[in-house]
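The numbers here are math on the coordinates, done by the rules we state, and not lab data. Keep in mind it's a predicted model, so treat the numbers as computed, not measured. Positions of Cβ are backbone-derived with ideal geometry, glycine not excepted, and every protein chain shown enters the neighbour counts.
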């Protein structure tokens, strides 16, 4: 359905795509794999009309085309769901779904809502079409993006990290939908960092590295070869032998509870749990069931409506964010660029963003630039942040390096309890492994950790105990043993029922 030949795109100092050939076929789910900076997003940007190639040809069917704009891409039947939300936060879901259509083709609001609700039913999610989009969770917004592309009737569907915010059930349902679309002779392109998804859903896998196409596995290989062999081949192609293994350091419970939560009111329900020194408590569940609200209440971003929070022997229930942070409670948000950092500020400033006005980085209200830069250089080296220097705006870094900046700021300097909300969302295999290792090492050193994630594999990899959350309450806590996956699945199934 789409043929790319010799596609090349250069940016100052980097070749993002270097003579890439790609065939996107009807009836296939075509997976694009590659670490951050491999060129996947640039390639998708050209298919969606946001970027123009410097060299090469794109053909839709047998016809050479110039995809000059997103509108042109839609006219050619190419629908794209981007990793970062393209929705207007002040509009309702239904209003967002109607954007882009000529005024004489606008559907009635009721018809849009009916079709949207039918898709929600298929996915098993609950999203009000009249809800204000900005009030939805990141996962719910991602789901709206997927539904919008499907409602437009695109013949070619491009999903850029579309599964990263979904639960295991949601991923399975999306995978089934992708395969169903392929059976109806549509073409689906899935960009993901998750090898399990690639092998489970993909009919064809293409691997990019440093702008080059370095491997392609067709349907015959994926059908006939064992997954272990394929996994090793793909990892070698992605990293050139650097290694992408998932070895991590599991947290070990070492002492008494560091964080005690008693009857905390979240989303109208009460939550109680404890986290010990050196323990990683995973929080699993369908996105939008109060996990983010729990994290923000614990961090002090929202006033406590009821219950108590103890840090050690001290109640922090009435303290603000800064006071909790100074006592050792840290929060790693799920929105690393929009909330966790200021993109236009340099890396050095972002590393002290929560210490503005405080010693040793400020004295008598005067910024001590040399001390800030020394501190930044130290953390850049410790956390392997790939940046031209401490003065580089953090927004110019890759997602993996932005996350390293956030982790460096929150894990360093007196942290006792760290709350991680989807810490590896949108990261490639290598950066995911790096983040997991940092979290595990911090726990092994005695830090109490709360790991909130919709990626069950991530929680099973890291957590000592796992809490399942639904509608603002914890419905159960299980030990991370051999039966954990099935017991968590049973809890989720009971909640859904």
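Of note:
- Between the C-alpha center of the range 207-224 and that of the range 295-335 there is a gap of 46 Å.
- Degrees between helix 369-382 axis and first principal axis of the chain (Cα, 0 to 90, nearest 10): 70 degrees
- Distance from the alpha carbon centroid of the range 429-497 to that of the range 352-419 works out to 28 angstrom.
- Helical runs assigned H by DSSP (4 residues or longer) give the chain a calculated mean residue ellipticity at 222 nm of -10500 deg cm²/dmol, each run adding -39500 (n - 2.57) before division by the residue total.
- Among 327-338, 459-470, the order from most to least packed when residues are scored by Cβ within 10 Å on average: 459-470, 327-338
- Percent RCO, i.e. relative contact order, over the range 257-496, from Cα pairs under 8 Å lying at least 6 residues apart: 30 percent
- Residue-normalised convex hull volume from the C-alpha trace of the range 377-490: 124 Å³ per residue.
- Among 351, 50, 411, the ranking by other beta carbons within 10 Å of each residue's beta carbon, starting with the fewest, stands as 50, 411, 351.
- Against the rule of thumb 2.2 N^0.38 Å, how large the Cα Rg of the range 1-81 comes out: 1.04
- The range 300-452 - convex hull of the alpha-carbon atoms, volume per residue in Å³: 122 Å³
- Relative contact order (percent, whole number), the range 2-239, Cα cutoff 8 Å, 6+ residue spacing: 29 percent
- For the chain, the longest principal axis of the alpha carbon atoms and the long axis of helix 227-239 meet at an angle near 80°.
- For the range 125-222, the alpha carbon positions stretch 45, 31, 24 Å along the principal axes, listed from largest to smallest.
- Folded to 0 to 90 degrees: helix 109-123 orientation relative to the chain principal axis, Cα: 70 degrees
- Ordering 478, 347 from the fewest to the most neighbouring beta carbons within 10 Å gives 478, 347.
- Footprinting exposure proxy ranking of 40, 354, 71, 292, fewest other C-beta atoms within 10 angstrom first, gives 71, 354, 292, 40.
- Computed from the C-beta positions of residue 54 and residue 229, the FRET efficiency with R₀ = 35 Å rounds to 0.40.
- Cα convex hull of the range 2-239 - mean projected area over all directions, nm²: 13.3 nm²
- A simple spin-label model places the labels of residue 320 and residue 369 2.9 nm from each other, with each point 7 Å out along Cα-to-Cβ.
- Evaluated over the chain, the Cα radius of gyration and Dmax, each in Å: 23.1, 71
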